[in-house]
1. Filter region 7-28 down to the residues that are surrounded by 14 or more Cβ atoms within 10 Å (Cβ to Cβ) and either modelled with pLDDT under 95 or not in a strand (DSSP E or B) (or both) and list them by number.
2. Within region 53-76, can you find the residues that are touching a Gly at 6+ places or on another chain (Cβ under 6 Å) and among the β-branched types (Val, Ile, Thr)?
3. Mind checking which pairs have a first residue in region 45-68 that is without any contact (Cβ under 8 Å) to a residue 24 or more places away in the chain and a second that is buried (at least 16 other Cβ atoms within 10 Å of the Cβ) and among the charged types (D, E, K, R), Cβ under 9 Å, 6 or more apart or different chains?
4. Are any residues in region 72-82 buried (at least 16 other Cβ atoms within 10 Å of the Cβ) and not basic (Lys, Arg), and if so, which ones?
5. Taking region 62-107, which residues are part of a loop (DSSP other than H, G, I, E, B) and either in contact with a Leu (Cβ under 9 Å, 6 or more places away or on another chain) or among the β-branched types (Val, Ile, Thr) (or both)?
Amino acid sequence: MGTTTHYHSHIYFESETLSQAEELCDRLKTKFDVEIGRFWQKNVGPHPRWSVQVLYEANKFGRVVPYLMKNRDDLTVFTHPVTGDDYLDHTAHALWMGECLDLNLNIFNP
């Protein structure tokens, strides 16, 4: 397994919860200086719902993830390391907060 340099937390939302996801991302950006990606209002990559990616360095994991656990406001959050092995990062090494969803893993070559 490669070295974990970064983590991605994908926050899932729907049209009714878009503003909730935006507010959560604003708080994450302010509090932890994380990078916020595009708010995808369609399924992208392996993700089965609309989502936004939050990217942060490995040394922020211990602060960002507990914050998400307590402040996700019932939004589903999928978090995984970035090691260079996308399949394992999205399966064996991932964690869910809220509903566990089936990812489209066919896009990866295990």
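The values are calculated or read from the model by the stated rules, or taken from the named source; none is laboratory data. For clarity, every value in this text was computed on a predicted model and none was experimentally measured. All Cβ positions, glycine included, derive from the backbone under ideal geometry; neighbour counts span all protein chains shown.
1. Thr17, Leu18, Gln20, Ala21, Glu22, Leu24, Cys25, Leu28
2. Residue satisfying the conditions is Thr76 alone.
3. Final answer for the pair search is none.
4. Listed by number, the residues that qualify are Leu75, Thr76, Val77, Phe78, Thr79, His80, Pro81, Val82.
5. Arg72, Asp73, Leu75, Thr76, Thr83, Thr91, Ala94, Gly98
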